[in-house]
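**Q** First the structure, then my questions, so here it is.
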Amino acid sequence: MTTQAKTIGVLTSGGDCAGLNAVIGAIARHAVDSYGWRVLGITDGTLGLTHTPRRYCELRPERLSAPLLHSGGSFLGSISHGEPDSEQRLVDRKQAFADGAEKLGLDALIAVGGDGSMRILHELCSYARLPMIGIPKTIDNDVRETERAIGFASAVQVVSDALDRLQPTAASHHRVIVVETMGRSAGHIALHGGICGGADAILIPERHLEIESVVTHIRRVFSSGRRHALIVVAEGVRAQVSTLKAFESVGTWLAMELEKRSGIEARCTTLGHLQRGGSPCAEDRRLAAIFGLRAVELLAGGSADRMVCWTKGAAHDVPLQDVIKGPRTVEKNCSFIAAARSLGIWIGEE
C-alpha cells in the first residue's frame, strides 16, 4: 500500500474496554491529516461488512470530539460472537465479508481486537485478500507477542480502586473480603490489581489452588494482629473447582469455604463488567495514541498482516501469524509472581 489516496476501514471486535475510542480517533486523525486517506468506521465489528446494506460511517477528525474519544466503550460498536442462522448454527461469512470490503472500496483494514478476534479477522482478511493491521485490546492482557494491550491498565485501576474501598469495610467488620476479577484463561488482571491494591492472597488460573493453604495463610494474617484480609481471585480459577455449578461464582464459593474452614466471616464482591467500563486511564490513552499512529505508519509503508505491539518500553510490530496461537498466560518466572511473594502475598502453587 502506498501513501496515495486510499480508503481504509477501522473496526473494533470482541469485548469492549476503555481506550477503544481513543485509538479510533488516533487512526482517523493521522490517516486523514497526514496522508489524506478516507477512513471508514465499520459498525458493530464484522457485522458492518457482512450485513446488507453495509453499516459504516466516515471518520472525519473534526467530528471526533475530545469527550467522545476519552469515553469508554466503542462508539462504533463491537461484537464477541459469530452470526447464527435461523437454527442457531454459526454461518460461514467469509464471502459476505469479502463482498462488503469490495463494496466499500477498502484497500486495507485496521482491526482492534483481542487474541480470538485477531485469529478470526486474519482468516477473513486473508480470504478477502485485504491487507490487515491488528491493534491489541483486551482487559485480560492475554494477546501474544505484546506486553500491554489497550484496556488492561484501566481494568487494573478498577481492581486497585475496589480494594482501596473494600479495605476499610473489611477492617471495620473484621472480615475477609474476596474480590473476583475477570480473567478466564489468564490471571494478569488479578495479579497486577492484587499487588496494587494490597491483597493478602491472589488466586489465578495458572497457579494451583490449595484451599487449606489459603486458609492457613489467612489465619496467619489474623494472628499477626490484623483482623481483616483481602483476597483477589480471577474468574478462571473456577476450572479448578469441580463442585461449582454452571454460572456459580468462584469468588462466592471461595468466601463460603474460607468462612466454613476458618470460622472468620467472609464476603465476596464480583467486579464483572465494571472492569470494562468507564473512561480510559492516562496509560491507556497514551497506548491508544501510540498504537493508532503505528498502525497507520505500517500501512503507509506497505506492510500488511502484522500486529502492533508493546515490547521493552517501545512500540513494535510482529507477524499476525505469531499472535494467533492462543492466549498469553502468566509465566512461571514472571517478575510479578516474585514480587507478590516478596510482599508476603499468597500466590498459589506451580
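**Q** In the stretch 135-145, what residues are assigned to a loop (DSSP other than H, G, I, E, B) and crowded, with 24+ Cβ neighbours inside 10 Å?
**A** Here is the first cut: in the stretch 135-145, the ones assigned to a loop (DSSP other than H, G, I, E, B) are 138-145.
Result: THR138, ILE139, ASP140, ASN141, ASP142, VAL143.
**Q** Has the stretch 298-319 got at least one residue that is touching a residue at least 60 places away in the same chain (Cβ under 8 Å), in contact with a Cys (Cβ under 6 Å, 6 or more places away or on another chain) and either crowded, with 19+ Cβ neighbours inside 10 Å or not hydroxyl-bearing (Ser, Thr, Tyr) (or both)?
**A** yes
**Q** Scan the stretch 147-167 residue by residue and report those that are under 16 Å from the mean Cα position of the chain (by Cα) and either surrounded by fewer than 24 Cβ atoms within 10 Å (Cβ to Cβ) or not in a loop (DSSP other than H, G, I, E, B) (or both).
**A** Residues of the stretch 147-167 that are under 16 Å from the mean Cα position of the chain (by Cα), as a first pass: 147-159.
Residues satisfying the conditions are GLU147, ARG148, ILE150, PHE152, ALA153, SER154, ALA155, VAL156, GLN157, VAL158, VAL159.
**Q** Scanning the stretch 322-350 for residues that are exposed (fewer than 12 other Cβ atoms within 10 Å of the Cβ) and outside any loop (DSSP other than H, G, I, E, B), which turns out modelled with the lowest pLDDT?
**A** GLU349
**Q** Just to be sure I understand, how many residues within the stretch 115-134 are open to solvent by 60 Å² or more (accessible area, probe 1.4 Å) and more than 16 Å from the chain's Cα centre (by Cα)? Reasoning before the result, please.
**A** So the first thing to find is which residues in the stretch 115-134 are open to solvent by 60 Å² or more (accessible area, probe 1.4 Å), and the list is 119-120, 123, 126-127, 129.
Filter again for more than 16 Å from the chain's Cα centre (by Cα), leaving 120, 123, 126-127, 129.
Going through the stretch 115-134 one residue at a time, the tally reaches 5.
**Q** Out of THR169, THR243, THR216, I need the residue that is within 14 Å of ARG267 (Cα to Cα) and among the polar types (S, T, N, Q). Which one?
**A** Numbers: THR243 fails: within 14 Å of ARG267 (Cα to Cα); THR216 fails: within 14 Å of ARG267 (Cα to Cα).
Among THR169, THR243, THR216, only THR169 is within 14 Å of ARG267 (Cα to Cα) and among the polar types (S, T, N, Q).
**Q** Please verify whether VAL214 is hydrophobic (A, V, I, L, M, F, W, C) and under 17 Å from VAL176 (Cβ atoms), treating the condition exactly as stated. Before the answer, list the steps.
**A** Numbers: hydrophobic (A, V, I, L, M, F, W, C): yes; under 17 Å from VAL176 (Cβ atoms): yes.
Yes: the conditions hold for VAL214.
**Q** Looking only at the stretch 261-291, count how many residues are of a type in the set (A, V, I, L, M, F, W, C) and open to solvent by 70 Å² or more (accessible area, probe 1.4 Å).
**A** To start, the set of residues in the stretch 261-291 that are of a type in the set (A, V, I, L, M, F, W, C) comprises 264, 266, 268, 271, 274, 281-282, 287-291.
Keeping just the survivors that are open to solvent by 70 Å² or more (accessible area, probe 1.4 Å) gives 274, 282.
So the answer is 2.
**Q** On the basis of being touching a residue at least 24 places away in the same chain (Cβ under 8 Å), within 24 Å of the chain's Cα centre (by Cα) and over 30 Å from HIS30 (Cα atoms), does GLN275 make the cut?
**A** No: the conditions fail for GLN275.
**Q** Scan the strands (runs of 3 or more DSSP E) fully inside the stretch 182-295 and keep the ones with 1 or more residues being of a type outside the set (A, V, I, L, M). Please lay out each step first, then the result.
**A** Values: elements: 201-203, 229-234, 266-270.
The qualifying strands (runs of 3 or more DSSP E) are 266-270.
**Q** Return the pairs, sorted by first residue and then second, in which the second residue is assigned to a loop (DSSP other than H, G, I, E, B) and open to solvent by 80 Å² or more (accessible area, probe 1.4 Å), the first residue lies in the stretch 327-350 and is farther than 28 Å from GLY14 by Cβ, the beta carbons are less than 8 Å apart, and the residues are 6+ apart or on different chains.
**A** From the stretch 327-350, the pairs are GLU350/LYS332.
**Q** Still on this structure, I have one more. Please verify whether the stretch 238-248 includes one or more residues that are at pLDDT below 95 and open to solvent by less than 20 Å² (accessible area, probe 1.4 Å).
**A** Within the stretch 238-248, the first condition is being at pLDDT below 95, and the residues that meet it are 238-248.
Add one more test, that the residue is open to solvent by less than 20 Å² (accessible area, probe 1.4 Å), and what stays is 241.
Yes - at least one qualifying residue is present in the stretch 238-248.
**Q** Does the stretch 173-187 include one or more residues that are touching a residue at least 60 places away in the same chain (Cβ under 8 Å), surrounded by fewer than 24 Cβ atoms within 10 Å (Cβ to Cβ) and of a type in the set (Asp, Glu)?
**A** no
**Q** Among the residues of the stretch 132-172, write down those that are more than 17 Å from ARG306 (Cβ to Cβ) and small (Gly, Ala, Ser).
**A** Listed by number, the residues that qualify are GLY151, ALA153, SER154, ALA155, SER160, ALA162, ALA170, ALA171, SER172.
**Q** Here's a follow-up. Taking the stated definitions as given, is ASP161 more than 19 Å from GLU349 (Cα to Cα) and acidic (Asp, Glu)? Full working, then the answer.
**A** On the way: more than 19 Å from GLU349 (Cα to Cα): yes; acidic (Asp, Glu): yes.
Yes: the conditions hold for ASP161.
**Q** Looking at the structure I just gave you, is ALA170 at pLDDT 95 or above, farther than 19 Å from VAL250 by Cα and open to solvent by less than 50 Å² (accessible area, probe 1.4 Å)?
**A** Working: at pLDDT 95 or above: yes; farther than 19 Å from VAL250 by Cα: yes; open to solvent by less than 50 Å² (accessible area, probe 1.4 Å): yes.
Yes: the conditions hold for ALA170.
The values are calculated or read from the model by the stated rules, or taken from the named source; none is laboratory data. What you are looking at is a predicted structure, and each value in this text was computed from that prediction instead of being measured. Every residue, glycine as well, gets a Cβ built from its backbone with ideal geometry; the counts of neighbours run over all protein chains shown. In case anyone asks, the SASA skips ligands and DNA or RNA and just uses the protein heavy atoms, side chains included. Shrake-Rupley method; radii C 1.70, N 1.55, O 1.52, S 1.80 Å.
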